[in-house]
Amino acid sequence: MVVDKSLLIYGSYGLSEVVRQLAVDTGWKIGGVVTELERDFDLIELIHNEYPPDLYEVAIALGYSSLNDRKQVMAQLHSSGYDMATLIHPKAYVCQTATIQTGAIIMNSAVVDMHASIGEGVVIWPGVVINHNAKIEEGTFLSPNSTICGYCTVGRDSFIGAGAVVVDHRIVPPESLVKAGSVFS
């Protein structure tokens, strides 16, 4: 992968470290990490001054407990001229017929099967399997080893827990929580 810009990682401490390693594994030059310890004054303006959008793309590393903040920060940064980086680990399998939107983060050993659709800002943890023709809408988090079966739709800003299974042809409503180890049928 050839990257013209450096990467700015914006987020919470723990997820920022994970995203930083993913970015290194995918060949990005890390230009900075801004850890959001508290939402104060005009952090976006501060970022814009220190990390101009013509030199940096941004990876949003805010976790599932901050889905609303994540969406708001992405919108603010995008309207300030930043491109959202899409990070796909080289050991993830993404079928050539899959569609991946900007800002998606796909980690090691994840599988995105044929004709699957991954929305903007989706986070896919290691071991996740997204089967054929499944649609994952924007802002959704898929925890390690969760499985989304064929022809499913997972609504925007949802959280799918570790090891959870969404059975084929199901629709998970927007802003849903599917608990770890459960079966959504």
Angle between the Cα long axis of helix 13-25 and the longest principal axis of the chain, 0 to 90 degrees, nearest 10?
90
For region 84-132, divide the Cα radius of gyration by the Kirkwood radius and give the resulting Rg/Rh value with two decimals.
0.91
Using the Cα centre of the chain as the reference point, and only Cβ charges (+1 on K/R, -1 on D/E), how large is the resulting charge dipole? Debye, rounded to the nearest 20.
660
Net charge near S117, counting Lys/Arg +1 and Asp/Glu -1 over other residues with Cβ under 15 Å of its Cβ?
-2
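Given region 86-184, what whole percent of its Cα pairs are spread farther than 22 Å? Write down the numbers at each step before the final one.
On the way: 552 of 4851 pairs.
Of all Cα-Cα distances in region 86-184, 11 percent exceed 22 Å.
Whole number in Å², please: accessible area per residue of the chain, 1.4 Å probe, ligands, DNA and RNA not counted.
Details: 8760 Å² over 185 residues.
Value returned for the chain: 47 Å² of accessible area per residue.
Do any GluC sites (Glu not before Pro) in region 102-185 lie in a loop, going by DSSP, with at most 14 other beta-carbon atoms within 10 Å of their beta carbon, and if so which? The partial results should precede the final answer.
Values: sites: E120, E137, E138, E175; in loops: E120, E137, E138, E175.
Here the GluC sites (Glu not before Pro) that fit, given the DSSP loop and packing criteria, are E175.
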Starting from the amide H of T99, placed 1.01 Å from N in the peptide plane, find each other amide H under 5 Å away whose residue is 5 or more places distant or on another chain.
A116, S117, I118
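List nothing, just return the count: lysine pairs in the chain, 8 or more apart or interchain, with Cα separation under 24 Å. Working shown, then result.
On the way: K5/K29; K5/K71; K5/K91; K29/K91; K71/K135; K71/K179; K91/K135; K135/K179.
Step by step, the pairs that qualify in the chain add up to 8.
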Can you list residues whose amide H is under 5 Å from V94's amide H, if they're 5+ apart or on another chain and H is modeled 1.01 Å from N?
V112
With axes computed from alpha carbons, what is the tilt in degrees of helix 67-79 against the longest principal axis of the chain, rounded to the nearest 10 within 0 to 90?
50
MRE, 222 nm, helices only [DSSP H, n ≥ 4, -39500 (n - 2.57), over the chain, to nearest 500]
-5500 deg cm²/dmol
Matching label for the computed mean projected area of the Cα convex hull in nm², out of (1) 14.2; (2) 12.8; (3) 9.4, is (3)
Per DSSP, the loop-located trypsin sites (Lys or Arg not before Pro) within region 1-30 having at most 16 other beta carbons within 10 Å are K29
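Would you work out what percent of the accessible area of the chain, with all protein chains in place, is carbon or sulfur (probe 1.4 Å)? Kindly include the intermediate steps, with their values, before the conclusion.
Details: 4440 of 8760 Å².
Solvent-exposed carbon and sulfur of the chain make up 51 percent of the total.
The values are calculated or read from the model by the stated rules, or taken from the named source; none is laboratory data. Here the structure is a predicted model, which means the values were calculated and not measured. Heads up, the Cβs are rebuilt from the backbone with ideal geometry, glycines too, and the neighbour counts pull from every protein chain shown. Accessible surface is based on the protein model in full, side chains and every heavy atom, while ligands, DNA and RNA are left aside. Shrake-Rupley method; radii C 1.70, N 1.55, O 1.52, S 1.80 Å.
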